[in-house]
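Structure first, then comments.
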Amino acid sequence: MFRSIYSASVALTAAFALTPSVHAQCPQDSIDRPMQTAGDLFGAEVSTDGDLAAIGSLGAIAGTGEITFARRNASMRWDIVQQVPSTFGLGTSGFGSVLELDDDVLATGGTDLGPTFAPIVFMLVDDSGTWTTTAFVFDASLDLLSEFGTSLRIDGDVLLVGAPNSLGDPAGPLPGARTGSVFHFLRDRKGTPSPLDDTWDYQNTIYPPAAFALAGMRFGASVASDSGRLLVGAPRDMIITGPLSQTVGSAYAFDQTGSTWTFTQKLSGTQSHFEDFGASVDLSGDRAVVGAPNSQSGFAQIPGAGFTYDRSGGSWVLNAKLTGPTPLQNLARIGFDVDLEGELLVLGAPGPMAPSPGIPGRAFVYLEQGGNWDLIREHGSANPTNRDLYGVTVALTGGSVTGDLALIGSPGKKLPGPIDDVGVVEYRGTTLEACPPSIVASVGGTHTFSITAGAQHAGETYWMFGSASGTSPGLNLNGNNLPLVVDVYFNKTLYQPYSGAFTNFIGTLDPNGDASAALSVPADPSFAGITLYHAYAVSPTLGAPVELTSHATSLVLQ
């Protein structure tokens with residue numbers, strides 16, 4: 001194979017000029033549910049852990065729901081590996097409507113359709129490569145109206161379950177009011193070779209602080225935890241001034257000591273009426289984000305927003321209010337869903353639920369550099385349709401810039417004809433996009449790259465590299481992982497980056513930190529079966545230490 005790749009490198013001589021400041025418009029790749037039917041709502045929820053994704057289609061299987069597992073393959077595409085329907089004797093509804101995937105375990109919400117109509121959390125475990133439902137976690141308060149399972153978070157062996165309509169603290173000021181709460185469970189690993197016998201044992205219930213408890217605040221509508229820190233959204237929290245009140249929303253921060261969670265801080269947005277601050281939350285180390293999909297920005301503009309915070313001196317300090325691009329899009333509902341992984345942040349903006357022509361769903365990817373959040377990608381559906389809810393759920397696939405794609409659910413997606421609400425999950429690159437994903441070897445073609453390094457790197461030097469041998473373990477460049485294996489093709493891009501096959505493989509980033517490049521592949525049937533991987537590195541000047549590396553993309557020669 002290496003001989004063929006080297007021969008190909010020598011033969012690639014056709015040049016393809018691109019304007020560096022113009023991004024190539026690559027079509028989205030997608031994950032689709034096999035055997036699509038109307039009303040599936042595939043992509044209503046997405047949760048990821050590395051190269052594995054769990055996708056909910058809550059309308060599938062006669063409305064009982066289904067979970068689809070997909071895994072990213074060596075060519076950076078996604079393969080369906082298993083579909084798990086709701087198949088319980090009592091029957092369920094909404095199976096897959098809320099998902100939380102972490103390592104070998106998945107939690108999902110649902111409702112028992114038997115005589116109790118009780119909210120349930122189902123636990124699935126990966127048992128030797130097969131996902132199996134093993135346990136039910138019931139509302140410890142036995143409150144059937146609690147909305148137990150509205151939000152979920154797994155952090156190691158800790159399971160946190162939001163119940164935003166549950167009764168308040170029985171020892172607090174409003175024991176009979178529905179303030180909402182979060183239930184804390186701990187995984188009991190039984191020590192058997194199989195995780196099928198593990199149980200999730202109730203530990204305690206986290207209530208809103210007594211000084212702030214209010215009926216209807218929906219504490220627990222969203223929940224996030226990371227390394228002993230907890231953030232709970234209460235999007236209908238109120239500000240009460242005399243006889244007047246405003247429903248603005250808030251988020252509450254806690255720290256963990258053993259099994260105890262201690263309240264540390266209340267976070268608020270701009271406190272505009274019905275801002276829904278706290279509708280979504282996420283944590284990653286010393287960073288936090290709170291979504292407020294009805295946040296206002298100026299007169300009569302309600303685009304929504306994501307509020308970012310940094311941990312400093314034991315407190316959470318507001319860093320930025322992110323409202324997407326300018327001009328603002330009214331009713332975009334930015335922050336309806338959020339996902340934060342290290343220095344990357346994606347905000348979902350599905351638009352109004354009701355049909356609203358001209359307000360398509362979007363997803364916005366931000367990169368944090370030097371304390372600032374730069375908008376580096378704006379994603380929209382390849383074929384937008386009215387009320388397709390693109391961006392109603394968003395997820396990143398890794399923990400740093402070097403491995404991320406954004407997965408974006410669009411459960412209202414329609415197929416041509418009368419088939420409605422089938423749904424799809426599209427996936428896009430964060431700092432590097434490439435298209436087309438494949439080229440017919442006997443025909444040849446041009447593979448284009450769209451580079452987004454961020455405005456902080458404006459005027460710096462980028463260098464595209466390639467490999468025909470894969471992405472792991474990668475190459476350490478000044479503490480940054482370039483996810484490519486060194487081989488003959490890598491050396492070609494290293495030592496001959498100005499060859500006729502490579503256009504703009506070395507260059508200078510424009511004032512936005514952007515650039516474009518291209519690879520020309522000649523027609524040669526012998527190239528069929530080869531996959532080429534590419535990634536870039538950025539340094540202040542050519543030869544200076546590397547400051548940034550991208551994730552890898554793939555090109556399949558068919």
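The values are calculated or read from the model by the stated rules, or taken from the named source; none is laboratory data. On a predicted model such as this, the values are computed, not experimentally measured, just so you know. All Cβ positions, glycine included, derive from the backbone under ideal geometry; neighbour counts span all protein chains shown. Areas reflect the complete protein model, heavy atoms only, side chains present, ligands, DNA and RNA absent. Shrake-Rupley method; radii C 1.70, N 1.55, O 1.52, S 1.80 Å.
Miscellaneous remarks
- On Cα atoms only, tilt of 2-11 relative to the major axis of the chain in degrees: 60
- Overall form of the stretch 224-337 per C-alpha gyration tensor (a/c, 1.5; a/b vs b/c): oblate
- In this entry, the stretch 431-475 is assigned a mean projected area of 4.5 nm², taken as a quarter of its C-alpha convex hull surface.
- Three principal axis extents of the stretch 310-351 based on alpha-carbon atoms, in descending order, are 36, 19, 15 Å.
- Calculated [θ] (222 nm, deg cm²/dmol) that DSSP helices of n ≥ 4 give over the chain, each run adding -39,500 (n - 2.57): -1000 deg cm²/dmol
- Taking amide H as placed 1.01 Å from N in the peptide plane, Ile206 has its amide H under 5 Å from the amide H of Val182, Phe183, His184, each at least 5 places away in sequence or on another chain.
- Computed from point charges on the beta carbon alone (+1 for Lys and Arg, -1 for Asp and Glu), the dipole magnitude for the chain about its Cα centre is near 880 Debye.
- Using θ = phi - 60° and Karplus 6.51 cos²θ - 1.76 cosθ + 1.60, couplings along the stretch 450-465 (whole Hz; Gly, Pro as x): 10, 9, 10, 9, x, 4, 4, 9, 3, x, 8, 9, 10, 9, 7, 10
- Whole-Hz ³J(HN,Hα) from phi, Karplus 6.51 cos²θ - 1.76 cosθ + 1.60, for the stretch 217-232, glycine and proline x: 6, 6, 5, x, 4, 9, 8, 9, 9, 7, 6, x, 10, 9, 10, 10
- Entry comment: accessible area of the chain is 38 Å² per residue, from protein heavy atoms only and a probe of 1.4 Å.
- Cα pair distances in the stretch 103-228, grouped into 5 Å bins until the bin that holds the longest one, percent each: 2, 11, 20, 22, 18, 13, 7, 4, 2, 0
- Per residue, the convex hull spanned by the alpha carbons of the chain comes to 166 Å³.
- Gyration tensor (alpha-carbon) shape descriptor, the stretch 264-405, a/c threshold 1.5: oblate
- The H on the amide N of Phe274, modeled in the peptide plane, is under 5 Å from the matching H of Thr247, Val248, each at least 5 residues off or on a different chain.
- Close amide H contacts of Asp29 (hydrogens built in the peptide plane, cut-off under 5 Å, sequence separation of 5 or more or a different chain): Tyr427.
- For the chain, DSSP calls about 95 percent of its internal beta bridges antiparallel.
- Overall dimensions of the stretch 415-508 by Cα: Rg and Dmax, Å: 17.3, 55
- Fraction of accessible area attributable to carbon and sulfur, the chain (%, probe 1.4 Å): 55
- Here the alpha carbons of the stretch 402-558 define both size measures, Rg and Dmax, at 17.1, 58 Å.
- Dipole orientation for the chain: of the candidates Gln369, Thr241, Ala455, Ala455 has the Cα lying most toward the positive pole (charges on Cβ; Lys, Arg +1; Asp, Glu -1).
- Per-residue Karplus couplings for the stretch 33-50, computed as 6.51 cos²θ - 1.76 cosθ + 1.60 with θ equal to phi - 60°, are listed in order as 6, x, 6, 5, 9, 4, x, 4, 6, 5, x, 5, 8, 9, 9, 10, 8, x Hz, Gly and Pro entered as x.
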